[in-house]
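Here, each number is a calculation from the coordinates, and none is a lab measurement. As the structure is a computational prediction, the values presented were derived from the model and not from experiment. Heads up, the Cβs are rebuilt from the backbone with ideal geometry, glycines too, and the neighbour counts pull from every protein chain shown.
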Amino acid sequence: MSDKNEPEGEAPKKRSKLPLIIGLVLMIALGGGGFYAVYSGLILGGEPTPEHVADDTPVPEALPDIAFVPLDPMVISLGGAVTRHLRFSAQLEVAEAYKAEVELLKPRVMDVLNGYLRAVEVTDLENPSALFKLRAQMLRRVQIVTGEGRVRDLLIIEFVLN
């Protein structure tokens, strides 16, 4: 009774998925290309040339003239019920002008450190947080031996309790 151009038994025609696939391929290609361009420095990258660096950019200060005086490694026997040993090595941070003077006083520095470390209780050496206190105490003793202003810091290289 109604005139239809389509037969009743057939399903409607499906849309093509070709535009969706092309869109996905283009999206992946453009995303990858954009990532490569930024990663390689073609876009928003590269090292700035001096004329591109702003005047208000902080410039790091030059390092001071420092030198390091290595101390001979020490093995210190610790008293107690069980004989234990401490392996210790360090370096002194000094001003370049005082390096020769501090190297001349190295035997006295070694003697002071050896005497101090022998006097420290084993329980203090076993405590991990005590290393900061020990380091400060050793630095102060080294500064007294070498004279004020010559040694800036004591760098502990090895501190092993056996």
Most mobile listed residue (V25, V75, V151) in the chain, GNM with C-alpha springs under 10 Å: V25
Long-range HN-HN contacts of L105 with modeled amide H, under 5 Å: none
Stretchable slack from V82 to L63, in nm (0.36 nm times residue separation minus alpha-carbon distance): 2.2 nm
Top of I22, I66, I76 by mean-square fluctuation, Gaussian network on the chain, Cα under 10 Å: I22
Mean separation of Cα contacts under 8 Å (6+ apart) over length of region 66-161, as relative contact order %: 39 percent
Model label zone, E126; criterion: amide N under 13 Å from point 7 Å along Cα-to-beta-carbon; scope region 82-116: 82-85
Selected from A90, A11, A67 as most flexible by GNM, with the chain as the system and alpha-carbon contacts under 10 Å: A11
The chain: relative contact order in percent, alpha carbon pairs under 8 Å with at least 6 residues between: 23 percent
Between 0 and 90°, nearest 10: helix 18-40 axis offset from the chain longest Cα axis: 20 degrees
Lys, Arg +1 and Asp, Glu -1 on Cβ, resulting dipole of the chain about Cα centre, debye, nearest 20: 680 debye
In degrees, nearest ten, helix 130-146 long axis to first principal axis of the chain (Cα): 50 degrees
Counted charge near E126, where neighbours are those whose Cβ lies closer than 15 Å (Asp, Glu -1; Lys, Arg +1): +1
Positive-end residue of I43, L26, L155, charge dipole of the chain with Cβ unit charges: L155
Extension gain, I28 back to M74 (0.36 nm per residue minus Cα-Cα distance, nm): 10.3 nm
Crossing angle, helix 106-119 versus the chain [Cα axis fit, 0-90 degrees, rounded to tens]: 80 degrees
Answer label for Cα extents along the principal axes in Å (calculated), chosen among [x] 38, 38, 28; [y] 117, 56, 22; [z] 61, 43, 25: [y]
Computed [θ] at 222 nm, deg cm²/dmol, the chain (DSSP H ≥ 4; -39,500 (n - 2.57); rounded to nearest 500): -12500 deg cm²/dmol
